[in-house]
Amino acid sequence: MADKEVERVIVTPAAADLIGKLRAEHGPLLFHQSGGCCDGSAPMCFPAGEFMVGSSDVKLGTIAEVPFYMSESQFEYWQNTQLIIDVVPGNGGMFSLERPTGLRFLTRSRLFEAEENAWLGAHPVERADA
């Protein structure tokens, strides 16, 4: 089993820098991994009070001091994958705070190794309503 905590979601330095700028401008934030409707499958950044997580959402972790959620049904597909939140040039999601910056958040991923999966199995995700 992995000796240390395994993070389900991490952030690149470039993404952490942008998150810090957005937090300074907008206050507390939250991320929700979009499931592919209007804005495709993208990490969406919102002011904390303007997006309501529900009982069908799970908290994957915290990146750059910002909680990160996704739907429980989507998590079933991603549970063996670490999400790596990055930024690239382009337009963000229509409702995501980074849209006017000329950058957009992007989810990269990697599969967890067997011992990481064992650790994660012993430490389930939090439900958003908990």
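The values are calculated or read from the model by the stated rules, or taken from the named source; none is laboratory data. Small disclaimer: the values here were computed from a predicted structure and weren't measured. Cβ sites come from the backbone with ideal geometry, for glycine too, and all protein chains shown count toward neighbours.
Brief remarks follow.
- Those residues of segment 85-109 which are of a type in the set (Ser, Thr, Tyr) and surrounded by 14 or more Cβ atoms within 10 Å (Cβ to Cβ), in sequence order: 96, 101, 107
- Flag for residue 52 being closer than 21 Å to residue 125 by Cα and in contact with a His (Cβ under 8 Å, 6 or more places away or on another chain): no
- Selection of strands (runs of 3 or more DSSP E) fully inside segment 17-130 by the criterion of at least 3 residues being under 24 Å from residue 4 (Cα atoms) and modelled with pLDDT of 90 or more returns 57-63, 66-71, 81-89, 103-111.
- Residue check, residue 63 of a type in the set (Val, Ile, Thr) and surrounded by fewer than 18 Cβ atoms within 10 Å (Cβ to Cβ): no
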